[in-house]
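Right, one structure below, let's go through it.
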Amino acid sequence: MSAIEVRGLSRSYGDFVAVSDLDLSIETGECLSILGPNGAGKTTVVEILEGYRHRDAGEIRVLDVDPAHPTRSWRQRIGIVLQSASDLGELTVREATQHFARFYSNPRTVDEAIDLVGLSEKSESRVSRLSGGQRRRLDVALGVIGRPELLFLDEPTTGFDPEARRVFWDLIRRLKDEGVTILLTTHYLDEADALADRVIVVTRGKKVADTTPAGLGSRSEHVVRVRWKENDVVQERQTTEPTQVVQELATRFAGEIPGLEVVRTTLEQAYLELVESDQA
Amino acid sequence: MTNLFALYYHRARLEIRLLLRDRNAVVFSMLLPVFLLVIFGSVFNSTKLGNTNVTFAQYFVAGLLASGLLYSSFQQLAIAIPEERTNGTLKRLVGSPMPPSVYFVGKLAASTFIYVFQAIALLAIGHYSYHIQLPSTATLWLDFLWISALGLVASALLGITFSNFAKNAKSASALATPIVLFFQFTSGVFFVYANLPTWMQDISAVFPLKWMAQAMRGVFLPKSFAYQEVAHSFEFPKAAVILGAWSIGAAILCRFTFHWLPKNES
């Protein structure tokens with residue numbers, strides 16, 4: 001069964017088309033990542049699905065409800081981690097978590113939620129004194145306090161250092177293991193690769209790929225770059241037959257080829273090519 | 001339903017706790033009427049109204065209590081709500097299953113808390129330092145209660161309405177503060193209302209502060225002073241009707257203009 005079904009979603013802000021005729025679906029228990037550069041329309045899509053923003057066109061079901069008409073019982077079933085928030089400042093971590101727990105019919109215990117995100121030692125700290133990463137983890141604690149079936153994470157690790165990002169990923173994996181359906185937007189490819197079952201690449205409000213992280217990499221897997229130096233200038237050739245290229249070069253240079261590199265396209269390059277080819 | 005009231009209670013506690021943790025709010029918002037009383041009370045301590053035994057401080061305390069209603073609800077909410085709209089408080093709340101009324105009950109509780117604090121501080125300091133006479137009968141205390149309650153509700157609803165038209169906390173503050181000051185000058189808080197130019201009286205008679213101040217004078221000044229009012233009466237029933245009408249009007253306006261998200265995020 002689909003947790004989210006979207007057909008032909010469009011939204012403009014004045015003349016600016018933020019999202020154009022976008023389709024997507026997420027199965028229950030799946031983690032889908034919407035990947036794309038800044039300004040691609042990711043937040044617009046997610047906030048429409050969360051019931052915050054209105055849409056100009058399209059059919060949407062989120063847990064079988066049209067998010068344009070959110071109900072409280074629907075809100076019981078979803079968890080939202082917004083891209084940025086600077087509220088709750090003078091409450092402690094525990095007070096904030098306890099407060100939001102009251103709004104749900106079957107919440108986690110406060111300790112469980114705080115522990116889940118690894119903030120136990122900070123539970124009596126004011127939210128205003130938390131680091132960026134700790135704040136984000138509190139946002140997740142508040143997002144999952146009501147035991148949501150579906151969790152929205154909008155660029156959850158922007159601004160994290162690599163260590164904090166790994167810790168955060170472990171947290172998301174734990175939620176996945178609990179069977180929570182997750183919609184994750186990110187502009188980090190490695191994040192989508194690490195967490196998502198499926199990836200949708202969006203640029204300029206349009207879907208340009210809908211695949212698995214591995215599938216994204218293999219799109220141009222057969223293309224290999226051969227690089228070498230000739231007259232101190234790096235030359236590159238893209239080929240599907242690297243061995244032959246190297247043989248030719250070996251013949252030409254009569255032995256050692258200066259600065260030889262044979263590079264398979266990485267996931268990163270596949271993604272960049274996808275994004276750049278659209279923007280060219 | 002009991003659950004809803006439990007949420008009201010917890011939200012109210014949270015709002016008041018946040019208020020007490022904000023030192024600026026405590027000092028500037030909660031103690032401002034007391035500062036004003038101390039300044040004016042000290043300067044005009046021995047000044048009597050006309051050829052009576054009533055001091056200017058006695059007249060002034062009524063106006064300060066009415067102003068306190070505006071400070072604690074109108075000004076407080078007109079600034080706090082745009083701030084909470086900007087910093088994501090409202091967005092987070094509306095994304096949760098919280099019944100919307102919980103938010104407004106919490107805000108009203110915070111305003112009530114500020115007002116009660118202001119009123120107690122004003123009356124205690126006024127009574128002991130400036131010989132302000134407290135209401136002498138239970139009826140007058142009851143009048144004081146309904147005027148305060150109705151004034152709070154009307155001002156709070158107007159504050160929420162105002163917040164819907166403010167871009168952010170900064171512009172809200174820049175607008176709401178002079179508005180309050182303007183009405184304090186024209187509604188008989190800083191000057192005796194009956195001595196103001198007629199056109200000024202006519203303008204402020206449309207707005208709530210004049211009626212809150214006049215009704216408060218009915219509680220704190222001797223009955224004989226009713227004759228000094230423009231209508232030769234403290235006009236309690238008319239004050240109730242006008243404050244009630246503002247409440248209803250503002251409530252309807254709020255219903256259609258209140259928005260949880262900043263305008264560019266919906």
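The values are calculated or read from the model by the stated rules, or taken from the named source; none is laboratory data. For clarity, every value in this text was computed on a predicted model and none was experimentally measured. All Cβ positions, glycine included, derive from the backbone under ideal geometry; neighbour counts span all protein chains shown. Accessible surface areas use protein heavy atoms only, side chains included; no ligands, DNA or RNA. Shrake-Rupley method; radii C 1.70, N 1.55, O 1.52, S 1.80 Å.
Quick look at the values:
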read-out	value
Pairs, first at the interface with another protein chain (Cβ under 9 Å from one of its Cβ atoms) in segment A:138-159, second of a type in the set (Ser, Thr, Tyr), C-beta under 6 Å, six or more apart	A:Gly146/A:Tyr104
Positions within segment B:132-161 being hydroxyl-bearing (Ser, Thr, Tyr) and either modelled with pLDDT of 95 or more or in contact with a helix residue (DSSP H, G or I) (Cβ under 8 Å, 6 or more places away or on another chain) (or both), in sequence order	B:Ser148, B:Ser155, B:Thr161
Failed condition for B:Val206, given (1) away from chain A (no Cβ under 14 Å); (2) assigned to a helix (DSSP H, G or I)	(2)
Hits in segment A:230-259 - residues which are under 26 Å from A:Glu273 (Cα atoms), surrounded by 14 or more Cβ atoms within 10 Å (Cβ to Cβ) and more than 36 Å from the chain's Cα centre (by Cα)	A:Val245, A:Val246
Verdict on B:Val61 being at pLDDT 85 or above, more than 14 Å from chain A (Cβ to nearest Cβ) and farther than 15 Å from B:Ile114 by Cα	yes
Any hit, segment B:68-83, residues being within 14 Å of chain A (Cβ to nearest Cβ), on the phi < 0 side of the Ramachandran plot, surrounded by fewer than 22 Cβ atoms within 10 Å (Cβ to Cβ) and part of a helix (DSSP H, G or I)	yes
Residue tally, condition surrounded by 15 or more Cβ atoms within 10 Å (Cβ to Cβ) and in contact (Cβ under 8 Å) with a residue 60 or more places away in the chain, over segment B:1-12	4
Tally of residues being open to solvent by 10 Å² or more (accessible area, probe 1.4 Å) and either in contact with a Cys (Cβ under 7 Å, 6 or more places away or on another chain) or outside any strand (DSSP E or B) (or both) across segment A:197-212	3
Pair list, Cβ under 8 Å, 6 or more apart: segment A:46-75 residue in a helix (DSSP H, G or I), other residue open to solvent by 60 Å² or more (accessible area, probe 1.4 Å)	A:Ile48/A:His54
Of residues in segment B:26-42 being free of Cβ contacts under 8 Å to residues at least 24 places away in the same chain and aliphatic (A, V, I, L, M), the one nearest to A:Leu91 (Cα to Cα)	B:Val26
Members of segment B:100-129 that are farther than 30 Å from B:Val219 by Cβ and at pLDDT 95 or above	B:Val102, B:Tyr103
Among the candidates A:Ala57, A:Ala18, A:Ala3, residue that is farther than 24 Å from A:Arg77 by Cα and open to solvent by less than 40 Å² (accessible area, probe 1.4 Å)	A:Ala18
Segment B:230-266, subset of a type in the set (Val, Ile, Thr) and touching a Phe, Trp or Tyr at 6+ places or on another chain (Cβ under 8 Å), residue modelled with the lowest pLDDT	B:Val230
Residue within segment B:86-95 that is touching a Lys or Arg at 6+ places or on another chain (Cβ under 9 Å) and either within 25 Å of B:Ile242 (Cα to Cα) or part of a loop (DSSP other than H, G, I, E, B) (or both) present	yes
Members of segment B:124-134 found to be open to solvent by 20 Å² or more (accessible area, probe 1.4 Å) and under 17 Å from B:Phe40 (Cα atoms), listed by number	B:Ala124, B:Ile125, B:His127, B:Tyr128, B:Ser129, B:Tyr130, B:His131, B:Gln133
When residues of segment A:76-96 are limited to those that are in a helix (DSSP H, G or I) and either facing chain B (nearest Cβ under 7 Å) or open to solvent by 50 Å² or more (accessible area, probe 1.4 Å) (or both), the one farthest from A:Gly146 (Cα to Cα)	A:Arg94
Residues satisfying the stated conditions in segment B:211-257, i.e. open to solvent by less than 10 Å² (accessible area, probe 1.4 Å) and either of a type in the set (D, E, K, R) or outside any helix (DSSP H, G or I) (or both)	B:Arg217
Qualifying residue in segment A:109-126 (condition: over 27 Å from the mean Cα position of the chain (by Cα), surrounded by fewer than 20 Cβ atoms within 10 Å (Cβ to Cβ) and among the basic types (Lys, Arg))	yes
Extreme residue, modelled with the lowest pLDDT, among residues of segment A:139-188 that are open to solvent by less than 10 Å² (accessible area, probe 1.4 Å) and over 24 Å from A:Pro107 (Cα atoms)	A:Thr157
Flag for A:Val180 being within 14 Å of chain B (Cβ to nearest Cβ), over 13 Å from the mean Cα position of the chain (by Cα) and aliphatic (A, V, I, L, M)	no
Test: residue in segment A:68-75 that is modelled with pLDDT of 90 or more and more than 10 Å from chain B (Cβ to nearest Cβ)	yes
Residues that are surrounded by 15 or more Cβ atoms within 10 Å (Cβ to Cβ) and of a type outside the set (A, V, I, L, M, F, W, C), drawn from segment B:191-208	B:Tyr193, B:Gln201, B:Ser204, B:Pro208
Residue within segment B:84-99 that is open to solvent by 40 Å² or more (accessible area, probe 1.4 Å) and acidic (Asp, Glu) present	no
Counted residues, segment A:43-67 - those being in contact with a Ser or Thr (Cβ under 9 Å, 6 or more places away or on another chain) and facing chain B (nearest Cβ under 7 Å)	3
